[in-house]
Amino acid sequence: MSKFRVEIDKNACQGFGACVELCSQFFQLSDVDGKSSIKGANKIMKENQVVAETLELDELECIREAAEACPFNAIHIVNLETNEKLI
Ligand code: SF4
């Protein structure tokens with residue numbers, strides 16, 4: 001079972017890519033909307049637009065650092081074992 005869930009709130013994300021600079025193995029800027037995208041993530045759609053992306057994984061690696069650096073608080077992390085919202 002995965003230990004963490006990472007989510008990008010696409011409405012909150014303003015692009016620029018601090019997360020991509022810090023953690024390019026997980027984050028990239030989307031060609032479609034110019035916002036951050038998590039590689040391999042599930043896309044949550046609403047009215048034909050991606051409103052969020054989620055990915056479950058065992059290790060956060062650089063993701064927590066990227067989430068803490070996001071100036072718009074668009075990246076969230078939940079510990080799935082404790083249900084604690086880390087950021
Ligand atoms: S740092 Fe935050 S606002 Fe900037 S691209 Fe990444 S998720 Fe979006």
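Spatial offset of region 14-39 relative to region 68-87 amounts to 16 Å, using the alpha carbon center of each.
Just tell me which aspartates and glutamates come within less than 13 Å, Cα to Cα, of LYS10; anything on the same chain fewer than 8 places away is out. Result set, ordered by chain and number: ASP33, GLU53. The gain in end-to-end length when the LYS43 to GLU65 segment is fully stretched comes to 5.7 nm, 0.36 nm per residue minus the alpha carbon separation. Counting only lysines at least 8 places from LYS3 when in the same chain, those with an alpha carbon closer than 16 Å to its own are LYS85. Cysteine residues of the chain whose C-beta has no other cysteine C-beta under 4.7 angstrom: CYS13, CYS19, CYS70. Distance between the 7 Å Cα→Cβ label points at PHE72 and LEU86: 2.3 nm.
Rg/Rh for region 4-85 (Cα atoms only, Rh after Kirkwood) is 0.94. Around LYS46, under 15 Å between beta carbons, what's the net of Lys plus Arg minus Asp minus Glu among the other residues? Here the count lands on -2. Backbone geometry of region 73-87 corresponds, through the Karplus equation with coefficients 6.51, -1.76 and 1.60 at θ = phi - 60°, to 3J(HN,Hα) couplings of 6, 8, 10, 10, 10, 10, 7, 6, 7, 10, 6, 6, 7, 7, 7 Hz, x marking Gly and Pro. Computed from backbone phi with θ = phi - 60° and the Karplus coefficients 6.51, -1.76 and 1.60, the 3J(HN,Hα) list for region 23-30 is 8, 6, 6, 10, 10, 8, 8, 5 Hz; x is used for glycine and proline.
Values in this text are rule-based calculations from the coordinates and carry no lab data. Note that this is a predicted model, so its numbers are computed, not measured. Note that each Cβ is placed from the backbone with ideal geometry, even for glycine, and that neighbours are counted across all protein chains shown.
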